[in-house]
Amino acid sequence: MDQISKDAELVYNYHRMSSYPKPETLTPADAIFCLCSLDMRVASRAAELYLAGLAPLVIFSGNTGKLTAGLFDRPEAEVFAATARGEGVPPDAIIVEPESTNTGRMSLLLVQKPYMERRTFATFERQWPGGEGVRFQVTSPQMRFEEYFDEENPREWIVSVMVGDLVRIREYPERGFQMEQDIPDEVREAGRRLIDAGHDKHLP
């Protein structure tokens with residue numbers, strides 16, 4: 001494996017948090033909160049968790065983003081919800097684009113892309129109403145680095161996104177967007193090398 005591939009895999013695995021908690025330790029929650037985007041495998045992961053009995057509701061959140069503009073003919077949340085229904089999640093267990101409220105004590109299973117687990121966790125820990133009363137677990141499609149890329153998720157673009165999110169994890173706590181996260185030196189260096197190699201299309 002060349003150095004760029006090694007660096008990209010290191011950054012990918014950092015973002016995944018090695019799955020937090022690990023898949024076998026996921027515990028039942030009040031709801032599954034699915035952050036929608038282009039990757040329909042995230043919708044499938046949310047459906048999988050629901051069908052495994054880990055929560056009674058699936059919340060799909062997302063309008064139209066940079067990657068889905070012109071691709072979907074409706075908001076991402078509606079597209080993801082349709083996928084989940086097609087995989088067996090009953091319509092009455094699905095909430096699309098819910099209104100934000102103060103949740104009080106609540107537990108959520110956050111479902112995101114593998115390379116956005118850490119940023120999702122850090123953001124929800126900092127931003128979600130209810131603060132310490134809310135318990136978060138984060139998971140994603142269970143795919144290793146070499147398995148992830150496909151036609152809809154091309155390697156060159158995704159590596160740039162991962163590097164950009166690494167920079168955001170470093171910078172966003174000071175802006176109040178996310179909680180502080182430790183970034184090991186070897187991950188920082190891998191990110192720097194990837195930027196030097198041209199993976200700089202998603203920097204903040």
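Every number in this text was worked out from the coordinates using simple rules, so none of it is lab data. As the structure is a computational prediction, the values presented were derived from the model and not from experiment. Backbone-built Cβ (ideal geometry, glycine too); neighbour counts: all protein chains shown.
Would you compute, from DSSP H runs of 4+ residues alone, the mean residue ellipticity of the chain at 222 nm, taking -39500 (n - 2.57) per run and dividing by the full residue count, rounded to the nearest 500? Could the numbers behind the result be given before it?
On the way: 7 runs with 85 residues, N = 204.
So the calculated ellipticity at 222 nm is -13000 deg cm²/dmol.
Check which residues have an amide H placed less than 5 Å from Ile95's amide H, if you skip close sequence neighbours.
Amide H neighbours of Ile95, under 5 Å, 5+ apart: Val58, Ile59, Phe60.
Less than 14 Å Cβ to Cβ from Ala43, Lys/Arg counted +1 and Asp/Glu -1: what total charge do the surrounding residues give? Please list the in-between numbers first.
On the way: positive: Arg41, Arg45, Arg74, Arg85, Lys113; negative: Asp39, Glu48, Glu76, Glu78, Glu87, Glu152.
With Lys, Arg at +1 and Asp, Glu at -1, the neighbours total -1.
Along its three principal axes, how long is region 3-196 when you only count alpha carbons? Whole Å, largest extent first please.
49, 38, 32
Could you list Met1, Met179 so that the one with the fewest beta carbons within 10 Å of its beta carbon is first and the one with the most is last?
Met1, Met179
List every residue whose amide H lies under 5 Å from the amide H of Ser107, counting only residues 5 or more places away in sequence or on a different chain, with H placed 1.01 Å from N in the peptide plane.
Asp30, Ala31, Arg135
For the chain, what proportion of DSSP beta bridges, expressed in % and rounded to the nearest 5, is antiparallel?
Counting DSSP beta bridges with both partners in the chain, the antiparallel share is about 5 percent.
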